[in-house]
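Take a look at the following structure, please.
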Amino acid sequence: MSDTKIPLAGVIGHPIAHSRSPQLHAHWLRKYAIKGHYVPLDIKVDNFERLVRTLPSLGFVGANVTLPHKHAAHELADIVTDRAKLIGAANTLIFRKDGQIHADNTDGYGFMQNLLQSAPKWNPTLGPALVLGAGGAARAVLASLLDIGVPEIFLSNRTRERAEMLKADFGDKITIVDWAQVGNAMEGVKTIVNTTSLGMVGKQEMRVPLDALAPGMLVSDLIYTPLQTKLLRAATDAGATPVDGLGMLLHQAVPAFERWFGVRPEVDDELRAAVLR
Ligand code: NAP
């Protein structure tokens with residue numbers, strides 16, 4: 001791309017109207033006075049690869065990718081980062097000047113940066129963690145919890161086989177807990193993370209017993225619609241530290257924005273307010 005062109009980026013999904021990424025990136029583009037645009041791109045599964053390959057010629061420097069395309073984005077890329085390989089899915093594409101497509105997954109980075117910023121006193125190495133869910137987001141969460149030194153992770157999923165696949169990939173520090181026992185598994189853990197879609201607007205409410213939540217625990221929910229889930233309300237009532245999912249969305253966008261537009265952006269209250277507006 002010639003330097004005189006205005007750089008474009010966007011988020012590809014189907015559906016995509018609900019995405020908050022356009023407000024997020026628009027805020028940073030304004031804040032750093034960058035002449036660029038970030039747009040939502042509603043692309044169906046059958047058209048994904050063909051349309052992605054046309055984007056660089058239209059002036060796109062990259063794109064975020066969300067459901068249902070995260071696996072396909074990982075598959076079509078020429079270069080895939082180790083963390084995207086581990087997760088088997090990409091949420092960020094970079095269209096390089098040499099024509100190659102570079103795929104990354106910044107969900108785990110966003111998840112961990114959010115916890116570190118929101119709960120600076122949290123020490124994840126002091127006790128086990130419990131992770132609910134075994135989908136793509138759970139993979140990113142497991143990788144980053146192990147990376148920061150969590151000694152043991154209890155993993156529970158409605159469909160046990162999916163949890164077993166994750167244990168096979170992530171190893172001996174993972175102990176599988178039956179979904180019916182998830183309430184008991186909360187006892188004595190340092191960190192709890194919900195990566196299921198339970199509690200999200202339009203999905204089922206979380207019905208697992210929450211009476212073992214206690215002070216000293218960090219409780220994180222990846223869901224951000226609503227911002228205050230039943231799990232997070234119960235955590236607050238129990239004196240635990242709640243961390244909502246919006247911060248993960250904000251932080252996962254940092255490496256992508258930096259690669260596309262050349263400025264490392266800040267995650268602050270102003271950004272949060274802009275995205276919530
Ligand atoms: P996914 O691959 O579809 O996984 C969905 C998970 O939810 C699976 O573990 C699934 O269990 C579980 N689940 C769904 N319905 C359930 C029910 N009725 N009872 C018990 N478990 C149920 O999705 P994903 O990509 O991992 O995303 C999971 C959630 O994280 C979504 O809500 C997504 O919006 C959120 N997320 C947030 C961020 C952020 O930036 N904050 C980033 C990524 C994802 P089964 O295996 O049994 O189906």
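Among the residues of the range 201-224, write down those that are on the phi < 0 side of the Ramachandran plot, surrounded by fewer than 14 Cβ atoms within 10 Å (Cβ to Cβ) and of a type outside the set (D, E, K, R).
Residues of the range 201-224 on the phi < 0 side of the Ramachandran plot: 201, 203-215, 217-224.
Now restrict to residues that are surrounded by fewer than 14 Cβ atoms within 10 Å (Cβ to Cβ): 201, 203-205, 207, 209, 211, 215.
Once the filter is applied, which keeps residues that are on the phi < 0 side of the Ramachandran plot, surrounded by fewer than 14 Cβ atoms within 10 Å (Cβ to Cβ) and of a type outside the set (D, E, K, R), the range 201-224 yields Val201, Gln204, Pro209, Pro215.
For the range 133-184: of the residues being touching a residue at least 40 places away in the same chain (Cβ under 8 Å) and more than 19 Å from Leu86 (Cα to Cα), which is farthest from the ligand (Cβ to nearest atom)?
By that ranking, first place goes to Val177.
Can we say Thr81 is in contact with a helix residue (DSSP H, G or I) (Cβ under 6 Å, 6 or more places away or on another chain) and of a type in the set (Ser, Thr, Tyr)?
no
If you don't mind, another one. Could you tell me how many of the residues in the range 57-74 are away from the ligand (no atom under 16 Å from the Cβ) and touching a residue at least 60 places away in the same chain (Cβ under 8 Å)?
2
Let me ask something else. Any idea how many residues of the range 188-200 are near the ligand (Cβ under 6 Å from one of its atoms) and either outside any loop (DSSP other than H, G, I, E, B) or buried (at least 20 other Cβ atoms within 10 Å of the Cβ) (or both)?
Residues flagged as near the ligand (Cβ under 6 Å from one of its atoms) and either outside any loop (DSSP other than H, G, I, E, B) or buried (at least 20 other Cβ atoms within 10 Å of the Cβ) (or both) within the range 188-200 amount to 3.
Also, I was wondering about something else. Select from the range 75-104 the residues that are of a type in the set (S, T, N, Q) and under 17 Å from Phe48 (Cβ atoms) and write down the one among them that is nearest to the ligand (Cβ to nearest atom). I'd like the intermediate steps shown before the answer.
In the first step, residues of the range 75-104 are kept if they are of a type in the set (S, T, N, Q); the result is 81, 91-92, 100.
Imposing the further condition that a residue be under 17 Å from Phe48 (Cβ atoms) reduces the set to 91-92.
Values: Asn91: 8, Thr92: 12 Å.
Here the answer is Asn91.
Is it the case that Asn47 is modelled with pLDDT of 95 or more and within 16 Å of the ligand (Cβ to nearest atom)?
Working: modelled with pLDDT of 95 or more: yes; within 16 Å of the ligand (Cβ to nearest atom): no.
No; evaluated as a whole, the condition is false for this residue.
Same structure again: Could you check Asp269 against (1) within 14 Å of the ligand (Cβ to nearest atom); (2) in the same structural domain as His27 (by TED's automatic domain parsing) and say which number it fails?
The one condition Asp269 does not meet is (1).
Another one. Among helices (runs of 4 or more DSSP H) lying entirely in the range 93-182, which contain 1 or more residues that are in the same structural domain as Thr196 (by TED's automatic domain parsing), among the hydrophobic types (A, V, I, L, M, F, W, C) and over 20 Å from the mean Cα position of the chain (by Cα)?
Numbers: elements: 107-118, 136-148, 160-170.
Those helices (runs of 4 or more DSSP H) span 160-170.
The values are calculated or read from the model by the stated rules, or taken from the named source; none is laboratory data. Source: prediction; values computed, not measured. Reconstructed Cβ throughout: ideal geometry from the backbone, glycine too, with neighbour counts over all protein chains shown.
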